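The structure under discussion appears below in the form of structure tokens.
Please treat every number below as a calculation from the coordinates, not as lab data. Predicted model only: the values in this text are computed from it and were never measured. Methodologically, a virtual Cβ is constructed for each residue, glycine included, from the backbone with ideal geometry; neighbour enumeration extends over all protein chains shown.
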């Protein structure tokens with residue numbers, strides 16, 4: 001069978017380890033393995049209020065889909081991913097305009113990065129107020145841990161009003177033109193709604209949405 005290539009191989013050597021993961025950059029060639037773990041402890045609003053907790057964010061909703069398009073590659077038209085994002089918004093009882101921060105899956109693969117942006121543009125037709133970053137540019141792809149860690153990045157963005165940078169944004173694909181990718185440095189941003197995308201081999205898609213807690 002043909003070899004499936006997804007890992008970065010062009011940026012070898014210790015000197016280049018910090019530049020190998022480069023989502024949306026034209027010189028990307030695959031993802032870089034990372035290692036880590038992250039856990040979110042979720043609590044009911046009733047329980048949090050009862051004990052006087054500092055509520056740092058609210059989980060609004062999410063979606064899980066599987067389009068089974070290909071062993072490794074997403075659909076080029078982004079349909080499987082855009083459907084997942086739309087279903088997450090419906091579950092969260094939110095509209096696209098309510099989201100102004102996207103923590104993208106953005107693994108630095110040739111096909112995946114472009115397909116995700118295509119899907120994002122199908123849902124978020126007006127991107128002028130949206131900021132998007134890629135955690136994997138900083139820590140690599142932690143596989144099963146990636147979604148949890150990137151959800152934490154969303155919650156911390158809501159809590160602090162700061163978005164971490166996307167590294168290695170030297171020569172971006174035309175498809176991301178007009179979207180602020182937080183290139184090279186952290187960005188101050190008041191998050192009204194944050195979505196974290198996570199996708200896996202075999203067409204597995206997930207999206208979760210967080211927002212600041214607002215007292216009803």
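Modelled label-to-label distance, residue 66 and residue 126, 7 Å Cα→beta-carbon offset: nm?
3.8 nm
May I ask you to derive the relative contact order of the chain, considering only C-alpha pairs under 8 Å and at least 6 residues apart, and to give it as an integer percent?
Computed value for the chain: 31 percent relative contact order.
Specify the angular offset, from 0 to 90 degrees and rounded to the nearest 10, of the alpha carbon long axis of helix 110-123 from the longest principal axis of the alpha carbons in the chain.
40 degrees
In nm, what is the difference between 0.36 nm times the number of residues separating residue 143 and residue 44 and their Cα-Cα distance?
Here the segment from residue 143 to residue 44 would lengthen by 32.8 nm.
So for 175, 84, 182, 66, fewest C-beta neighbours within 10 Å to most, what's the order? Let's see the in-between values first.
Values: 175 16, 84 25, 182 21, 66 13.
Fewest to most other Cβ atoms nearby, the residues stand as 66, 175, 182, 84.
Relative contact order for segment 101-180 using alpha-carbon pairs under 8 Å, separation at least 6, rounded to a whole percent?
Details: 69 pairs, mean separation 31.4, N = 80.
Result for segment 101-180 is 39 percent.
Of 16, 150, 58, which has the largest mean-square fluctuation in a 10 Å C-alpha GNM of the chain?
16
Select from 94, 138, 71 the residue whose mean-square fluctuation is largest in a Gaussian network model of the chain (Cα-Cα springs shorter than 10 Å).
Per the Cα network of the chain with a 10 Å cutoff, 71 tops the list.
At a Förster distance of 22 Å, what's the computed FRET efficiency of residue 73 paired with residue 171, Cβ-Cβ distance as r, to 0.05? It would help to have the intermediate numbers written out before the result.
Values: r = 23 Å, r/R0 = 1.03.
Result of the calculation: an efficiency of 0.45.
Give me the angle, in degrees from 0 to 90, between the Cα long axis of helix 146-160 and the longest principal axis of the Cα atoms of the chain, rounded to the nearest 10.
With rounding to tens, the tilt is 50 degrees.
Tell me the label-point distance for the pair residue 51, residue 98, using the 7 Å Cα-to-Cβ offset, in nm and rounded to one decimal.
2.7 nm
Of the listed values (i) 16.9, 58; (ii) 16.7, 50; (iii) 22.0, 71, grab the one calculated as Rg and Dmax of the Cα atoms in Å from the structure here.
Recomputing Rg and Dmax of the Cα atoms in Å here picks out (i).
Okay, helix-only estimate at 222 nm for the chain: each DSSP H run of n ≥ 4 adds -39500 (n - 2.57), divide by all residues, round to 500 deg cm²/dmol; what do you get?
-7500 deg cm²/dmol
Rank 38, 80, 61 by mean-square fluctuation in a GNM of the chain with C-alpha springs under 10 angstrom and give only the top-ranked residue.
38
At 7 Å along the Cα-to-beta-carbon direction for both residue 26 and residue 204, put a label point, then send me their distance in nm to one decimal.
Spacing of the two 7 Å Cα→Cβ label points: 3.5 nm.
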